[in-house]
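J.: Sharing a structure below in structure tokens format, with a few things to ask.
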Amino acid sequence: MNQASLHKYLAFDSKKKTKAIDFNALYEQRLATNLTLIKDLFFSLYPEEAHENAFNQLLISLPKLFEQRPSSLKELDINRLKEGNWFQSEQLVGMQLYVDHFNDNLKGLEDKLGYFEKLGVNFVHLMPITPRPKGENDGGYAVNSYYEVDPRFGTKKDLLRLTEKMRDKNMFLMLDFVANHTSNEFPWAKKAMAGEKKYQGYYHIFEDRTLPDAYEKTLPEIFPMTSPGNFIFNHEMQKWVMTVFNQYQWDLNYSNPEVFIEMLGNLMKLANLGVDVVRLDALAFMWKKLGTLSQNLPEAHTLISLFRMCLQVLAPGVVFLAEAIVAPNEIIKYFGSGTLKANECEIAYNATLMALLWDAIATKKTVLLYKNIHNLPEKPKETTWINYIRCHDDIGLGFEDHHIHDIGWNAQLHRRFLLDYYCQNIDWSPAKGYMFMYNPKTGDGRITGSAASLLGLEKALEQKNRGKITKAIDKIIMMHGIVLSYGGIPLIYAGDEIGTLNDYSYLSDSDKKEDSRWVNRPHQDWDAIAQLDTQKTYHSEIFYALQHLIHIRKEHRAFADQNNLVLYDSRNIHILIYERPSDNDEGVLVICNFDEVSQTIAEITLGSYGASSNPKNLISGKRVQFMDGNLKLRPYELYWLVKTK
Ligand code: GLC
């Protein structure tokens with residue numbers, strides 16, 4: 001039982017005693033419940049002998065922060081607690097978008113809430129809308145403020161109106177908290193540059209190259225092509241600054257407790273805008289230690305849990321998403337492990353599934369996918385995934401080499417094949433993607449491109465090849481059908497619901513052209529959307545197929561995440577089968593064919609969903625036909641089977 005479960009219990013208990021909600025009494029109760037944990041976590045990062053004062057500072061700031069939370073949100077917090085793990089619901093379907101690329105600004109977005117409703121989307125991730133430096137700013141991931149709205153998107157008033165409207169429509173909002181770094185224009189960075197020692201202590205700043213050189217021995221490079229190394233020389237200070245991502249993104253120094261306390265204040269100001277899920281950006285990098293990779297360190301987990309335990313007292317309705325695009329066994333730890341189990345982030349990106357799905361598309365085989373998923377530790381029952389196929393970032397091949405070896409493939413050659421397949425180095429490949437940050441020193445590279453272009457639609461349209469167009473569309477639908485049924489919040493990347501192709505306009509923008517991730521950050525095509533109901537195009541085919549899948553998802557409780565996922569051995573290397581079982585035998589069996597030709601599977605592999613259960617495919621609405629004890633699947637066909645007997 002995690003801390004959130006205790007808070008849920010207390011929220012119910014309080015209702016019995018009083019009619020009107022006494023927010024302060026509830027706050028006191030929550031603080032009492034978490035205080036020992038907060039103290040232990042704090043002193044394990046910042047030893048008591050040296051940091052007792054800082055802890056007192058934290059204790060003084062907590063009630064002040066609580067006071068700032070609007071009462072409407074305090075009430076929402078209580079309701080969320082009572083609802084329990086709302087984020088595991090089958091009712092949630094998400095979309096991620098850039099506000100300016102979607103429909104100009106926040107007002108424009110508000111005008112399009114009906115579009116989300118039409119598709120069935122009720123959870124929206126807005127990419128950063130906070131102020132950022134002019135010129136290069138990593139799409140807003142270089143922040144000048146944590147809670148103001150950049151004028152290009154509108155005003156804070158616009159945002160508050162939007163969040164209120166979304167709440168009225170029962171929609172959820174996710175925003176980023178770029179916890180690892182600020183921009184070099186952030187007020188603290190400016191004060192540091194002006195020579196203020198206090199603020200130089202907020203970053204990792206060094207007099208000379210001794211420590212940077214020592215760090216570089218083990219620190220990997222995140223953007224080796226555009227931002228090699230992990231330090232930049234700052235001329236104003238005549239000192240070196242740690243910049244793990246881009247050179248204009250300064251890493252915060254969390255070994256200084258003042259940074260933690262100030263960032264908690266920033267986090268609360270963000271939460272108070274009416275955010276339901278806070279996306280903790282690049283959280284794996286938050287703690288640095290000489291002689292290590294400075295990723296996924298135990299201290300980073302302690303720190304995130306400390307944020308979690310404080311936020312649970314202040315704003316218990318707000319949950320965390322871990323943006324940890326790291327090795328499969330490391331991702332799972334962001335849910336909290338050991339004594340912190342389920343007390344860290346409630347949600348994490350299922351980057352493992354995402355990468356494996358792209359592997360299965362390229363190889364037309366599901367062997368590596370099975371191998372990896374079988375070996376994943378189970379996540380805590382109070383947590384869930386965000387399942388996705390594309391987002392604004394590149395696709396990293398973040399699965400384990402030893403699993404590739406285990407299935408008899410050469411890991412290095414296999415990774416090379418995947419890069420070649422997606423990045424146009426193989427003639428027969430239908431994919432049209434690009435290499436991102438290829439590092440000749442290590443041979444590592446990542447992949448960019450829109451889902452539709454990577455799945456072959458762009459080339460097929462260029463070739464005007466109807467057969468290939470159909471295959472690409474089927475792949476797009478099947479891939480979404482998996483993330484919509486896998487267990488967790490499905491997150492559709494805006495544009496993918498209408499098969500948007502790569503966008504090459506970034507090449508003529510000097511601030512973007514070095515970063516090929518912009519190829520898959522397209523503008524929403526409202527002209528195509530205007531014709532969805534009147535013309536049969538690939539846009540409408542994909543849109544209505546996804547709308548249909550979303551509708552079915554919401555009608556079946558089995559799709560809620562209760563850790564109810566069972567992999568079936570398909571006995572066919574091209575097929576993936578998993579069941580989403582449910583208590584009263586109302587489970588769903590998902591079957592997908594990753595091959596470009598038809599495949600058959602033996603009825604026996606379907607377990608209790610065989611002929612005697614007279615199974616029906618929820619997607620087509622038809623009963624399943626078996627031939628000689630076999631089920632035949634068309635290329636890239638997707639089944640969601642239920643028993644009718
Ligand atoms: C996250 C974001 C990515 C950004 C990086 C640095 O990984 O998703 O777009 O470049 O953090 O903030």
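J.: Using the per-residue mean of other Cβ atoms lying within 10 Å as a proxy for protection, in what order, highest first, do the peptides 175-181, 339-345, 51-57 fall?
T.: The densest-packed peptide leads the list: 175-181, 339-345, 51-57.
J.: In terms of Cα to Cα distance under 14 Å, which aspartates and glutamates are near enough to K107, apart from those fewer than 8 places away along the same chain?
T.: Within the straight-line cut-off, K107 pairs with D150, D158, E164.
J.: Cα centroids of the stretch 416-457 and the stretch 15-82: how far apart, whole angstrom?
T.: If you average the Cα positions of each part, the centres end up 48 Å apart.
J.: What percentage of the solvent-accessible surface of the stretch 197-241, computed with a 1.4 Å probe over protein heavy atoms, is contributed by carbon and sulfur atoms?
T.: Within the stretch 197-241, the accessible surface is 57 percent carbon and sulfur.
J.: If we restrict to alpha carbons, what Rg and Dmax does the stretch 64-123 come to, in Å?
T.: 15.3, 42
J.: If you put +1 on each Lys and Arg Cβ and -1 on each Asp and Glu Cβ, how big is the dipole of the stretch 149-197 around its Cα centre, in Debye rounded to 20? Walk me through the intermediate numbers first.
T.: Details: 10 positive and 7 negative charges, 29 e Å.
Value, rounded to 20: 140 debye.
J.: If you project the alpha carbons of the stretch 569-645 onto the principal axes, what extent comes out on each, in Å, largest first?
T.: 35, 23, 22
J.: Considering the options V93, I304, L280, tell which one lies farthest towards the positive end of the dipole of the chain, charges being +1 on Lys and Arg and -1 on Asp and Glu at the Cβ, about the Cα centre.
T.: Most positive-ward Cα: V93.
J.: Calculated from DSSP H runs of 4 or more alone, at -39500 (n - 2.57) each and per residue, what is the 222 nm mean residue ellipticity of the chain, nearest 500?
T.: Working: 23 runs with 247 residues, N = 645.
Helix-only estimate at 222 nm: -11500 deg cm²/dmol.
J.: At a Cα cut-off below 15 Å, give the aspartates and glutamates reachable from K289, other chains included and same-chain residues fewer than 8 away excluded.
T.: Straight-line reach from K289, under 15 Å: D213, E216, D251, E299.
J.: Quick one: which of K371/K512; K169/K536; K39/K191; K74/K169 span more than 26 angstrom between C-alpha atoms?
T.: Cα-Cα > 26 Å for K371/K512; K169/K536; K39/K191; rest within.
J.: Where does the Debye-calculated log10 I(q)/I(0) of the stretch 292-441 sit at q = 0.12, 0.16, 0.20 Å⁻¹, using only Cα point scatterers of equal weight, no solvent?
T.: Result of the Debye calculation: -0.59, -0.94, -1.26.
J.: With no solvent and one equal point scatterer per Cα, compute the Debye intensity ratio I(q)/I(0) for the stretch 387-456 at 0.13, 0.23 Å⁻¹ and report its log10, rounded to two decimals.
T.: One equal scatterer on each Cα of the stretch 387-456 leads to -0.38, -1.09.
J.: From the gyration tensor of the Cα coordinates in the stretch 198-253, what semi-axes in whole Å does the equivalent ellipsoid have, largest first, with each one equal to sqrt(5λ)?
T.: Three semi-axes, in Å: 17, 12, 10.
J.: With each label point set 7 Å from Cα along the Cα-Cβ vector, what nm distance links K441 and K464?
T.: It is 4.9 nm.
J.: Give me the percent of the accessible area of the stretch 379-447 that comes from carbon and sulfur atoms, probe 1.4 Å, all protein chains in place.
T.: Within the stretch 379-447, the accessible surface is 51 percent carbon and sulfur.
J.: Pick out, from M437, Q3, L633, the residue whose Cα sits farthest towards the positive end of the charge dipole of the chain, with +1 on the Cβ of Lys and Arg and -1 on the Cβ of Asp and Glu.
T.: L633
J.: Hey, another quick one. Send over the Kirkwood Rh of the stretch 435-519, from the inverse of the averaged 1/r over different Cα pairs, rounded to one decimal Å. Could you put the intermediate results ahead of the total?
T.: Working: mean 1/r = 0.0687 Å⁻¹.
Result for the stretch 435-519 stands at 14.6 Å.
J.: Only Lys, Arg, Asp and Glu count, each charged at its Cβ (+1, +1, -1, -1), so figure out the dipole size of the stretch 154-286 about its Cα centre, rounded to 20 debye.
T.: With Lys and Arg at +1 and Asp and Glu at -1, about 520 debye.
J.: Can you work out the FRET efficiency for the pair S337 and E236, with r the C-beta to C-beta distance and R0 = 30 Å, to the nearest 0.05?
T.: Given R0 = 30 Å and the Cβ-Cβ separation, E is 0.10.
J.: How large is log10 of I(q)/I(0) for the stretch 472-519 at q = 0.19, 0.21, 0.26, 0.30 Å⁻¹ when the intensity is taken from the Debye formula with one equal scatterer per alpha-carbon?
T.: -0.72, -0.78, -0.92, -1.06
J.: Another question, if that's okay. Along Cα→Cβ, 7 Å out, is where each label goes; now give me the distance between the ones at Q91 and N563 in nm to one decimal.
T.: A separation of 2.4 nm, rounded to one decimal place.
J.: A further question on this structure: Would you kindly calculate the translational diffusion coefficient of the stretch 125-281, applying Stokes-Einstein with the Kirkwood radius from alpha carbon pairs, for 25 °C and a viscosity of 0.890 mPa s, and quote it in µm² s⁻¹ without decimals?
T.: Values: Rh = 16.6 Å.
Estimated diffusion coefficient is 147 µm²/s.
J.: Turning to a different aspect of this structure: Could you compute how fast the stretch 1-124 diffuses translationally, taking Rh as the Kirkwood radius over C-alpha pairs and applying Stokes-Einstein at 37 °C with viscosity 0.692 mPa s? Give it in µm² per second.
T.: 182
J.: Quick check: at a probe of 1.4 Å, how many percent of the accessible area of the stretch 245-377 sits on carbon and sulfur atoms?
T.: 52
J.: Treating the beta-carbon of each Lys and Arg as +1 and of each Asp and Glu as -1, no other charges, what is the dipole magnitude of the stretch 527-628 about its Cα centre, to the nearest 20 debye?
T.: The calculation lands at about 200 debye.
J.: Let me ask you something else. Using the heavy atoms of the protein chains alone and a 1.4 angstrom probe, what is the accessible area of the chain per residue in square angstrom?
T.: 39
J.: Also, quick follow-up: Select from A560, A54, G201 the residue farthest towards the positive end of the dipole of the chain; place +1 on Cβ of Lys and Arg, -1 on Cβ of Asp and Glu, and compute about the Cα centre.
T.: Towards the positive end, the residue furthest out is A560.
J.: Give or take rounding to whole Å, what are the principal axis extents of the alpha carbon atoms in the stretch 499-559, in descending order?
T.: Extents along the principal axes, in whole Å: 47, 32, 13.
J.: Oh, and also: By a straight-distance test (C-alpha under 15 Å), which aspartates and glutamates pair with K157 as possible cross-link partners, with residues fewer than eight away in the same chain excluded?
T.: Reachable aspartates and glutamates: E110, E148.
J.: Which whole-angstrom value gives the distance between the alpha carbon centres of the stretch 324-358 and the stretch 175-194?
T.: Their Cα centres are 27 Å away from one another.
J.: Would you please classify the overall shape of the chain from the alpha carbon gyration tensor, given that a ≥ b ≥ c denote the square roots of the eigenvalues, rounded means a/c under 1.5, and beyond that prolate means a/b larger than b/c while oblate covers the rest?
T.: Prolate is the answer for the chain, as a/c is 1.5 or above and a/b outweighs b/c.
J.: May I pose another question? What ratio of Cα Rg to 2.2 N^0.38 Å holds for the stretch 462-601?
T.: On the way: Rg = 18.0 Å, N = 140, 2.2 N^0.38 = 14.4 Å.
Cα Rg divided by the expected 2.2 N^0.38 Å: 1.25.
J.: Residue separation times 0.36 nm, minus the C-alpha to C-alpha distance between K118 and D511: what's the value?
T.: The K118-D511 span can extend by a further 138.0 nm.
The values are calculated or read from the model by the stated rules, or taken from the named source; none is laboratory data. Since the structure is predicted, the reported quantities are computational estimates derived from the model, not experimental observations. Neighbour counts are summed over all protein chains in view; Cβ atoms, including those assigned to glycine, are modelled from backbone coordinates with ideal geometry. Protein only, heavy atoms only, side chains kept; ligands, DNA and RNA dropped before computing areas. Shrake-Rupley method; radii C 1.70, N 1.55, O 1.52, S 1.80 Å.
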